[in-house]
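Colleague: My structure is below; once you've seen it, I'll send some questions.
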Amino acid sequence: MKIPLVDLKAQYASIKGDIDNAIQRVVERCSFILGEEVDKFEKAFAAYCGSDGAVGVASGTAALHLALLACRIRPGDEVITAAHTFTATGEAIVNAGAVPVFVDIEPVRYTLSPERVEAAVTPRTRAIIPVHLYGHPAEMDALSEIARKHNLFLIEDAAQAHGATYKGKRCGSIGHLACFSFYPGKNLGAFGDAGMVTGNDQDLLNRVRRLRDHGRTSKYEHEEIGWGERLDALQAAILGVKLPHLDRWNDSRRSLAATYTSLLKNLEVVTPSEQAEAHHVFHLYVIRTRQRDSLLKHLQAAGIGAGIHYPIPLHRQPAYRAYSVGLSLPATEEAADAILSLPLFPEMSKDQLRYVAEAVNTFGRT
Ligand SMILES: *Cc1c(COP(=O)(O)O)cnc(C)c1O
């Protein structure tokens, strides 16, 4: 059996008629830039998140970058974030002209340690970007309190957490702003690049709205220097078809994750945990083991597409050398060496899942 890490074809097949109609509608109208499709999806996504508003942008990376600029993060400002994340989180900080300050994670949740964040605050700190990694929310109460106390912006990187909740509140409605990616493999995925900034502060949202569209205030007036980072109308139409299915897909991810956890019996393997305050949406099902590299080879030999998210933390990447001289983040480094993402997607069959679990269970016994 061959089992990919994610199977996007299965999802398209399940909603093909509606998707094809939506694409046809946009193509026939020839209205490809902003307009009705983007407005409609922004409203639907804001309502879904329980946030006051949403601004569609070109990618999750653009969402993070424009959110930082909307908060008027300036050169020399410091922004605290995790090194255990995709590079876009750090990239957005550097591209906004600011200095990324990498702090360690809390090892069970894989999200920012509030104690480490507090210890890293300096007079130059302007914002904190927690990452709701793998679909599990970060410790938002403690982080909100730190942000409030030091007058910092709290910007959620919710690129892996569409539909996740923290104490009953959806990720995307908790920080000053939140950033989503609709990269095809995410819990809510477009047919190309797409992203969204959500939030409850209309001034900040309006600024993102201006910045994504060349700093424009009207057709020919440009208030400030902006970017060409709009959400594509075709992607908005596709995402609008998919959004009503998101809760069902997330339920399926959760149920598959629970089945994995009940089937995995290898004593060398630690299964992921879900904290009481969280509704985990399992963007990834991440186990850990000291024999990660040999387990990965074992799974690959069995035709299983496991992955590592992420093997090299940002403070160990050449791109961030200037921001991480002598920096050591033990929990982050330990995680990077031990984590392994098993195949998980809403349409995965129980047979496929059992095959993967069996392969993990037999590892080390042959
Ligand atoms: C995917 C992702 C991003 C970037 O999103 P793109 O749409 O690919 O630009 C940012 N942060 C995290 C945590 C992600 O997983």
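Colleague: Treating the beta-carbon of each Lys and Arg as +1 and of each Asp and Glu as -1, no other charges, what is the dipole magnitude of segment 210-366 about its Cα centre, to the nearest 20 debye?
Modeller: It comes to approximately 340 debye.
Colleague: Follow-up. Over what distance in Å are the Cα centres of segment 36-113 and segment 148-227 separated?
Modeller: Using only Cα atoms to place each centre, the spacing works out to 7 Å.
Colleague: Which is the longest run of the chain containing none of the GluC sites (Glu not before Pro) found in DSSP loop states (not H, G, I, E, B) with at most 15 other C-beta atoms within 10 Å?
Modeller: Longest stretch, sites excluded: 1-222.
Colleague: How much solvent-accessible surface does ARG25 expose, in Å² to the nearest 10, with a 1.4 Å probe and all protein chains in place?
Modeller: Solvent-accessible area, nearest 10 Å²: 90 Å².
Colleague: Note the full-extension length gain between THR217 and LEU8 as 0.36 nm times their separation in residues minus their Cα-Cα distance, in nm to one decimal.
Modeller: Length gained, THR217 through LEU8: 71.4 nm.
Colleague: Nearest 0.05, what FRET efficiency do THR87 and GLU277 give at R0 = 30 Å with Cβ-Cβ as r?
Modeller: Computed FRET efficiency for THR87 and GLU277: 0.60.
Colleague: Suppose R0 equals 51 Å. What FRET efficiency, 1/(1 + (r/R0)^6) with r the Cβ-Cβ distance, do VAL325 and GLU28 give to the nearest 0.05?
Modeller: E between VAL325 and GLU28, to the nearest 0.05, is 0.35.
Colleague: Among GLN300, PHE282, ILE238, whose Cα sits farthest toward the positive end of the charge dipole of the chain (+1 at Cβ of Lys/Arg, -1 at Cβ of Asp/Glu, about the Cα centre)?
Modeller: The one lying farthest along the dipole's positive direction is GLN300.
Colleague: Let me cross-check SER14: its accessible surface, 1.4 Å probe, with only protein heavy atoms counted, in Å² to the nearest 10?
Modeller: Per-residue accessible area (SER14): approximately 70 Å².
Colleague: Which percentage, to the nearest 5, of the DSSP beta bridges contained in the chain is antiparallel?
Modeller: Taking every DSSP beta bridge within the chain, about 65 percent pair in antiparallel fashion.
Colleague: Would you calculate, for the chain, the mean residue ellipticity at 222 nm contributed by helices, counting each DSSP H stretch of 4 or more residues as -39,500 (n - 2.57) and dividing by all residues, to the nearest 500?
Modeller: So the helix-based figure for the chain works out to -12000 deg cm²/dmol.
Colleague: Once you put a point 7 Å from the Cα of SER294 and another 7 Å from the Cα of ILE15, both along the Cβ direction, what distance in nm separates them?
Modeller: About 4.3 nm, to one decimal.
Colleague: Here's a follow-up. Please work out the Kirkwood hydrodynamic radius for segment 241-290, using every pair of different C-alpha atoms, and report it in angstroms with one decimal place.
Modeller: 12.1 Å
Colleague: Could you work out the local net charge near PRO123, counting Lys and Arg as +1, Asp and Glu as -1, over the other residues with Cβ closer than 15 Å to its Cβ?
Modeller: That works out to +1.
Colleague: Put a dot 7 Å past each Cα toward the Cβ at LYS167 and ARG354; how far apart are the dots in nm?
Modeller: Each label point is offset 7 Å from its Cα along the Cβ direction, giving 4.2 nm.
Colleague: Can you give the % of DSSP beta bridges in segment 50-146 that are antiparallel, to the nearest 5?
Modeller: Antiparallel: roughly 20 percent of the beta bridges in segment 50-146.
Colleague: In Å², and per residue, what accessible area does the chain have when probed at 1.4 Å with the other protein chains present?
Modeller: On a per-residue basis, the chain sits at 42 Å².
Colleague: Pop the C-beta distance of THR362 and ASP203 into the FRET formula with R0 = 51 Å and round what comes out to the nearest 0.05.
Modeller: Once the sixth-power term is evaluated, E becomes 0.35.
Colleague: Okay, next question. Would you mind computing, in nm to one decimal, how far apart the modelled labels at ILE312 and ALA44 are, each placed 7 Å from Cα along Cα→Cβ?
Modeller: 3.9 nm
Colleague: Please give me, ordered by residue number, the chymotrypsin sites (Phe, Trp or Tyr not before Pro) of segment 158-260 that lie in loop per DSSP and have at most 12 other Cβ atoms within 10 Å.
Modeller: Filter output for segment 158-260: TYR220.
Colleague: Moving to a separate point now. Sorted by accessible area (1.4 Å probe), largest first, how do LEU204, LEU234 line up?
Modeller: My answer, sorted largest first, is LEU234, LEU204.
Colleague: Put one equal scatterer on each alpha carbon of segment 290-346, apply the Debye formula with no solvent term, and list log10 I(q)/I(0) at q = 0.23, 0.29, 0.30, 0.31 1/Å to two decimals.
Modeller: Taken in order of the listed q values, log10 I(q)/I(0) reads -0.89, -1.13, -1.17, -1.21.
Colleague: Can you sort LYS43, LYS350, LYS242, LYS186 by solvent-accessible area, 1.4 Å probe, largest first?
Modeller: The most accessible residue leads, giving LYS43, LYS350, LYS186, LYS242.
Colleague: Further question: Give me the Kirkwood hydrodynamic radius of the chain in Å, from all C-alpha pairs, to one decimal place?
Modeller: 21.0 Å
The values are calculated or read from the model by the stated rules, or taken from the named source; none is laboratory data. What you are looking at is a predicted structure, and each value in this text was computed from that prediction instead of being measured. Note that each Cβ is placed from the backbone with ideal geometry, even for glycine, and that neighbours are counted across all protein chains shown. Calculation scope for accessible area: heavy atoms of the full protein, side chains included, ligands and nucleic acids excluded. Shrake-Rupley method; radii C 1.70, N 1.55, O 1.52, S 1.80 Å.
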